[in-house]
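The values are calculated or read from the model by the stated rules, or taken from the named source; none is laboratory data. Just so it is clear, the structure is predicted and the values come from calculations on it, not from any experiment. We place every Cβ from the backbone using ideal geometry, glycine too, and count neighbours over all the protein chains shown. All accessible areas refer to the heavy atoms of the entire protein, side chains included, with ligands and DNA or RNA removed. Shrake-Rupley method; radii C 1.70, N 1.55, O 1.52, S 1.80 Å.
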Amino acid sequence: QVQLVESGGGEVQPGGSLNLSCAASESVFRISVMGWYRQAPGNQRELVAMITPRDETHYADSVKGRFSISRDQAKLTLYLQMNNLKPEDTAVYYCKQFIGEYWGQGTQVTVSS
């Protein structure tokens, strides 16, 4: 059973930064597209960024130039570096492994002054 464990969330002021991590339990991570999604209260879950096994990336327009997705194949870990955070980035952030459609439990990110 694949497990994905997110960490790194928290509360920051506008303009601040956070680096989220998602640790995977199984080596299938290495051949899977991985993604970060987020869900704010009252909203649908939305794609933030995704990365292929060959490090090809895609970002939502709302985060381009501010967020960076990366992966460490040796550590089976997915990252999301978030810079210049805005209040509208406040949400629960989830990682997803596309092979098998597995999700993590989510980590809260709050951007507030």
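Assess whether GLN81 counts as being assigned to a loop (DSSP other than H, G, I, E, B) and at negative phi. It is false that GLN81 is assigned to a loop (DSSP other than H, G, I, E, B) and at negative phi.
Residues being of a type outside the set (Ser, Thr, Tyr), over 13 Å from the mean Cα position of the chain (by Cα) and open to solvent by less than 40 Å² (accessible area, probe 1.4 Å) are entirely absent from the range 87-103. Residues of the range 28-50 that are more than 19 Å from PRO87 (Cβ to Cβ) and among the hydrophobic types (A, V, I, L, M, F, W, C): VAL28, PHE29, ILE31, VAL33, MET34, LEU47, ALA49, MET50.
Taking the condition of a type in the set (Lys, Arg) and open to solvent by less than 50 Å² (accessible area, probe 1.4 Å), does ARG54 pass? Spell out the reasoning first.
On the way: of a type in the set (Lys, Arg): yes; open to solvent by less than 50 Å² (accessible area, probe 1.4 Å): no.
Answer is no for this residue.
State all residues of the range 80-102 that are closer than 16 Å to ILE31 by Cα and in contact with a Lys or Arg (Cβ under 9 Å, 6 or more places away or on another chain); if no residue qualifies, say none. Scanning the range 80-102 gives a single hit, TYR102. Residue selection: ILE69 satisfies the criterion of being part of a strand (DSSP E or B), surrounded by 12 or more Cβ atoms within 10 Å (Cβ to Cβ) and not acidic (Asp, Glu). Of everything in the range 25-49 that is touching a residue at least 60 places away in the same chain (Cβ under 8 Å) and open to solvent by less than 30 Å² (accessible area, probe 1.4 Å), the residue that is farthest from ALA60 (Cα to Cα) is PHE29.
Figure legend. Inter-residue proximity from the range 13-24: first residues more than 9 Å from MET82 (Cβ to Cβ) and open to solvent by 60 Å² or more (accessible area, probe 1.4 Å), second residues of a type in the set (A, V, I, L, M, F, W, C) and not in a strand (DSSP E or B), beta-carbon distance below 7 Å, spacing 6+ or different chains. Indicated pairs: PRO14/LEU85.
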